[in-house]
Every structure is written in C-alpha cells, then in structure tokens.
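Following: one structure in structure tokens, then a few remarks.
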Amino acid sequence: MKAVAVFPKQREVRVIDAPEPRLQSPTQVKVRTREVGVCGTDEDILQFTYGTPPSGSEYLILGHECLGEVVEVGNAVRGLQRGDLVVPRVRRPCPHATCPACRHGHPDFCITGDYTERGIKEAHGFCSELFTEDVAYLHRVPTELHGVAVLTEPLTIAEKALREVKRIQERLPWRHEPGRAVVLGAGPVGQLGVMALLRRGFATTVYSRSPKPNVKADSAEALGAPYLSSKEVSPDELVRRAGAPDVIYEATGVAKAAFETLKALAPNGVVVFTGVPAHPEALSLDGAELLKQLVLRNQVVLGTVNAADSDFETALEDLGRFRARWPGGLERLITARHPPEDFADVVTGKKGGGGIKHVISFG
Ligand SMILES: [Zn+2]
Ligand SMILES: [Zn+2]
C-alpha cells in the first residue's frame, strides 16, 4: 500500500510501498485513510528536529490528524462496524507501572516521556492507504461531519485547554460570565480555539502578526472575532481596544509574542500556552516584573499538550455545533486538498503555500 514516510537517517521523505497491515488482536480495527491534515509538527519532522521511527524501522510513516473509514473489525470489537467513519487519537501510554497518568488512561499527562505518538514518536502514523488501531483509540464520527472531521485532532487541543481553564476558574465562584479572551495566532489551532471560546461565551479577539487584509483575519472576523495585528497594535493598545483578557490562548509557539502579550492578562486570568517552539529563541524580559504581576494579580500560567479521550468526544460534538452556528466556517479553514505524493511540498509550502489548513486526501 501507498504510504508517506520520512527516513531521518537519510534525511528523506518519500512515498513508499509499505506492507498492508493486518488485524493482530480481536479488539483491532482496520481503517482506510480518507484524509490527513498537515501541521507545524509535520514541518518540524521534515526539518528532522522531531520524528522517531518505531524501533527496528528505518522510516516513520507520517500523519497524525486523520479521518478514516472502517473496513474490517476484530471479533471482539463493539460499537464500530464496516463503513463507519473514525478519527484516531495520537498518543499511546508509556509502559511503566510507575507512571500514574498513563496507568489511569491519561497518557496526555505522561510523566516519563516514554509514550509513543502515531506519526510523530516511535509509532507509524496514518498517512497510508490503510492502518490498524485498537478500538479503544478510535472515535466514531457522525456521517454529516465527513467534510470537516479531519479538523477533530487540532480542535482537541482547545477542548483540553478550555476544560482545564474551566476547572481552574472554579476558584472564582462569584464569576458567572466567561469573560474576554484573546487568541494569539490565527492558524488552524488559533481559529479552532476561537470557535471553541466563542461557543463557550467568551468575547474573543484574535491578535496575530500579519496586518489585514488576509485570509486568516477574514476567517476570524466571519466567526465574530475582531482581528488585530501585533505589527499595528501594541499589547497596551490591545487592552484599550478589546479590554484585558481573562484568558489568553496562545497558539503560535513564538516565545516573544507569548510573553509580550502576557502583560495584557486581566487580574485572576489564565494564560494557556499550546504552541511548541521549534527553534531556540532568546529574549530579554524583566523577570521580577513578570513574577510580581503573576503574584499580585493571582494569574495562572498553563501549558497543555495533546488531549484525552473525552476531549475527542467533545471535539466531535463541537464540530456539529460549529457547523450549525457558522455554516461554511469550518470548510473555510481547509484551504486545499492534495495527493499524498505532494506531502513534503505541502508541508514546506512549495505547493499550496499560505491559507490555513492543508489536507492530504487519499481520494
Ligand atoms: Zn498536528
Ligand atoms: Zn506515562
């Protein structure tokens, strides 16, 4: 079968003819891949700063944001049948008995770092015609979401983050309104974050680098989130225009933008960091001033990665809600679909550069 694989030692990416996977346990499911979203993580893998093949393999099959269709189920599989659409989770638990997070079904909070991630770390991804997966890691997708469900995995980042923000803000029992939010960055994670925040009632503003007009600004404003460019508007001016945010949702992985905007956070607010910087970035900041601000304003700094089982379920419910609230809004996030052969060129921007989300389609 056709698969897109990276060979880190040879520093190559190519379409290979990989062996077709077979069901290896009664709880496994064989899935035909329909679509795979590409993102910054794939970019890092193709720059060879990230991405580890499974042990014993010289290559790693790419792809972690996937929508597929069930073609075969093991005889102990319940709740899924041939023809169902599914989205797989990405991370698998570490093997250590001493990791309480993994042993409690929360590999997204793994403390040993020995988890695996499909398409990223020591496990093949989904950018192949077929793959197998245990039913426990698959989520059934309502048929009507077939055109947008490839966005489920990037949306789970926001779902986990906002679930945690809600828990944290239960420390403020007098607050009944969600308040204001600023989303840093207007890529796919940012745009899906905007939708998730608006759905929860946050008055949301997007704060991103590129000045208007641009497609990301158009998309954000069509959702109902004003867009301000950090090249034109300082963090102080952002507060004057939009009010101090109770939540800053960072989706850039750029340290300078993250720490500069932190100044704008309202008292008792939460800043959520979701971006993973790919390169070192030295910056100078007044650490004492930052500590003083966090302490005297009761602020919380929250880092979050990956997502849990329940976040995938919430993401699928939210995709349905988003389609009803913003007809065509999710579809607009998908800039173009490309054949598997173009994976590397799409990731590096040689083909279909710009736009928001690019998707590999297996037709
Ligand atoms: Zn991704
Ligand atoms: Zn673990």
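The values are calculated or read from the model by the stated rules, or taken from the named source; none is laboratory data. Values in this document were obtained by computation on a predicted structure and should not be read as measured data. Here the Cβ positions follow ideal geometry from the backbone for every residue, glycine too, while neighbour counts run over all protein chains shown. Side chains included, ligands, DNA and RNA excluded: accessible areas come from the protein's heavy atoms. Shrake-Rupley method; radii C 1.70, N 1.55, O 1.52, S 1.80 Å.
Values as computed for the structure displayed
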| quantity | calculated |
| --- | --- |
| Condition check for Leu151: open to solvent by less than 20 Å² (accessible area, probe 1.4 Å), out of contact with any strand residue (DSSP E or B) (no Cβ under 9 Å at 6 or more places or on another chain), within 16 Å of ligand 1 (Cβ to nearest atom) and modelled with pLDDT of 95 or more | no |
| Evaluation of Tyr59 against (1) of a type outside the set (S, T, N, Q); (2) within 16 Å of ligand 2 (Cβ to nearest atom); (3) under 27 Å from Asp17 (Cβ atoms); (4) touching a Phe, Trp or Tyr at 6+ places or on another chain (Cβ under 6 Å) (one fails), failing number | (2) |
| Residues that are in a loop (DSSP other than H, G, I, E, B), within 16 Å of ligand 1 (Cβ to nearest atom) and closer than 23 Å to Leu145 by Cα, drawn from region 42-92 | Gly63, His64, Arg89, Val90 |
| Condition broken by Gly287, with the remaining ones in (1) open to solvent by 60 Å² or more (accessible area, probe 1.4 Å); (2) farther than 30 Å from Pro173 by Cα satisfied | (1) |
| Extreme residue, nearest to Lys216 (Cα to Cα), among residues of region 255-278 that are without any contact (Cβ under 8 Å) to a residue 40 or more places away in the chain, assigned to a loop (DSSP other than H, G, I, E, B) and open to solvent by 60 Å² or more (accessible area, probe 1.4 Å) | Pro277 |
| The lone exception for Gly303 - which of (1) open to solvent by 30 Å² or more (accessible area, probe 1.4 Å); (2) free of Cβ contacts under 8 Å to residues at least 60 places away in the same chain; (3) in contact with an Asp or Glu (Cβ under 9 Å, 6 or more places away or on another chain) it fails | (3) |
| Breaking point among (1) assigned to a loop (DSSP other than H, G, I, E, B); (2) within 30 Å of Ala101 (Cα to Cα), for Pro327 | (2) |
| Options Gly79, Gly105: the member that is over 30 Å from Ala344 (Cβ atoms), within 16 Å of ligand 2 (Cβ to nearest atom) and small (Gly, Ala, Ser) | Gly105 |
| Filter result (under 18 Å from the mean Cα position of the chain (by Cα) and of a type in the set (Asp, Glu)) within region 248-263 | Glu250 |
| Yes/no for Glu117 being surrounded by 16 or more Cβ atoms within 10 Å (Cβ to Cβ), within 16 Å of ligand 2 (Cβ to nearest atom) and either of a type in the set (Lys, Arg) or in a strand (DSSP E or B) (or both) | yes |
| Enumeration of residues in region 93-120 that are under 20 Å from Ala158 (Cα atoms), more than 16 Å from ligand 1 (Cβ to nearest atom) and in contact (Cβ under 8 Å) with a residue 12 or more places away in the chain | Gly105, His106, Pro107, Cys110 |
| Number of the exception - Thr143 against (1) polar (S, T, N, Q); (2) closer than 27 Å to Glu331 by Cα; (3) within 16 Å of ligand 2 (Cβ to nearest atom) | (3) |
| Among (1) open to solvent by 60 Å² or more (accessible area, probe 1.4 Å); (2) out of contact with any Lys or Arg (no Cβ under 6 Å at 6 or more places or on another chain) - the single one Glu129 does not satisfy | (2) |
| Ala336 touching a residue at least 12 places away in the same chain (Cβ under 8 Å), under 28 Å from Lys357 (Cα atoms) and of a type in the set (Gly, Ala, Ser) | yes |
| Failed condition for Glu159, given (1) within 16 Å of ligand 1 (Cβ to nearest atom); (2) among the charged types (D, E, K, R); (3) touching a His at 6+ places or on another chain (Cβ under 7 Å) | (3) |
| 3 or more residues touching a residue at least 12 places away in the same chain (Cβ under 8 Å) and of a type in the set (A, V, I, L, M): qualifying strands (runs of 3 or more DSSP E) within region 167-239 | 180-184 |
| Flag if Val141 is over 22 Å from Asp318 (Cβ atoms), modelled with pLDDT of 95 or more and touching a Ser or Thr at 6+ places or on another chain (Cβ under 8 Å) | no |
| Residues that are touching a helix residue (DSSP H, G or I) at 6+ places or on another chain (Cβ under 8 Å) and acidic (Asp, Glu), drawn from region 72-117 | Asp108 |
| Residues (assigned to a loop (DSSP other than H, G, I, E, B) and within 20 Å of the chain's Cα centre (by Cα)) located in region 349-363 | Gly349, Gly353, Gly354, Gly355, Ile356 |
| Among the candidates Lys263, Lys292, residue that is within 19 Å of Tyr207 (Cβ to Cβ) and not acidic (Asp, Glu) | Lys263 |
